[in-house]
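Report on the following structure.
The values are calculated or read from the model by the stated rules, or taken from the named source; none is laboratory data. Quick caveat: nothing in here was measured; it's all calculated off a predicted structure. Virtual Cβ from ideal backbone geometry, glycine too; neighbours counted across all protein chains shown.
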């Protein structure tokens with residue numbers, strides 16, 4: 001990873017920490033804009049000039065985010081509401097599967113935004129955030145590659161996503177590191 005990607009991810013984790021500390025519910029109407037902010041942060045960081053350069057891209061992403069019938073934010077919010085009773089690990093993993101499958105939620109940056117979304121769910125459940133390390137990279141990216149090929153509304157989603165979700169939830173739980181939690 002290059003320095004800009006790392007810097008933007010660190011800024012994204014700071015945003016996730018802020019959202020959780022402020023009690024912001026990403027799934028509540030009026031707060032959906034924070035999903036777009038997470039995505040913008042992983043792509044542009046916090047630099048105003050960089051964000052201005054991405055203005056057209058951000059506009060395209062926002063249009064897709066709100067208007068995509070099968071894969072926009074409405075799909076994600078409805079999925080999350082239907083799965084609130086599951087463990088924090090399964091919700092975080094399932095949310096990632098839903099976000100990354102086709103059509104993806106964002107035009108670009110879905111893996112990184114998905115990692116932050118999982119971290120938001122985990123932190124909200126008082127668990128450590130997901131942090132990609134070299135030791136787990138292959139275990140994380142292998143199922144991610146499969147997820148990207150699954151249509152949200154297709155039969156493969158119905159049959160393959162439960163196994164992929166469980167695999168990812170196990171990864172999250174087994175590699176949760178409390179050292180990544182901020183002392184409060």
For segment 50-61, indicate whether the set of residues that are over 19 Å from residue 16 (Cβ atoms) and touching a residue at least 60 places away in the same chain (Cβ under 8 Å) is non-empty.
no
Across segment 161-184, what is the number of residues that are farther than 14 Å from residue 118 by Cβ, assigned to a helix (DSSP H, G or I) and touching a helix residue (DSSP H, G or I) at 6+ places or on another chain (Cβ under 7 Å)?
1
Of the residues that sit in segment 121-139 and are within 15 Å of the chain's Cα centre (by Cα) and not in a loop (DSSP other than H, G, I, E, B), which one is surrounded by the fewest Cβ atoms within 10 Å (Cβ to Cβ)?
124
Only one of (1) under 18 Å from residue 116 (Cα atoms); (2) in a helix (DSSP H, G or I); (3) modelled with pLDDT under 95 is not met by residue 50, so which one is it?
(1)
Just to be sure, is residue 106 part of a loop (DSSP other than H, G, I, E, B) and at pLDDT 95 or above?
yes
Restricting the first residue to segment 84-97 and requiring it to be without any contact (Cβ under 8 Å) to a residue 60 or more places away in the chain, which pairs with a second residue that is surrounded by fewer than 20 Cβ atoms within 10 Å (Cβ to Cβ) and assigned to a loop (DSSP other than H, G, I, E, B) meet a Cβ separation below 7 Å and a spacing of at least six or different chains?
88/125; 91/83
Taking the residues in segment 67-83 that are without any contact (Cβ under 8 Å) to a residue 24 or more places away in the chain and in a helix (DSSP H, G or I) as candidates, determine which candidate is farthest from residue 157 (Cα to Cα).
67
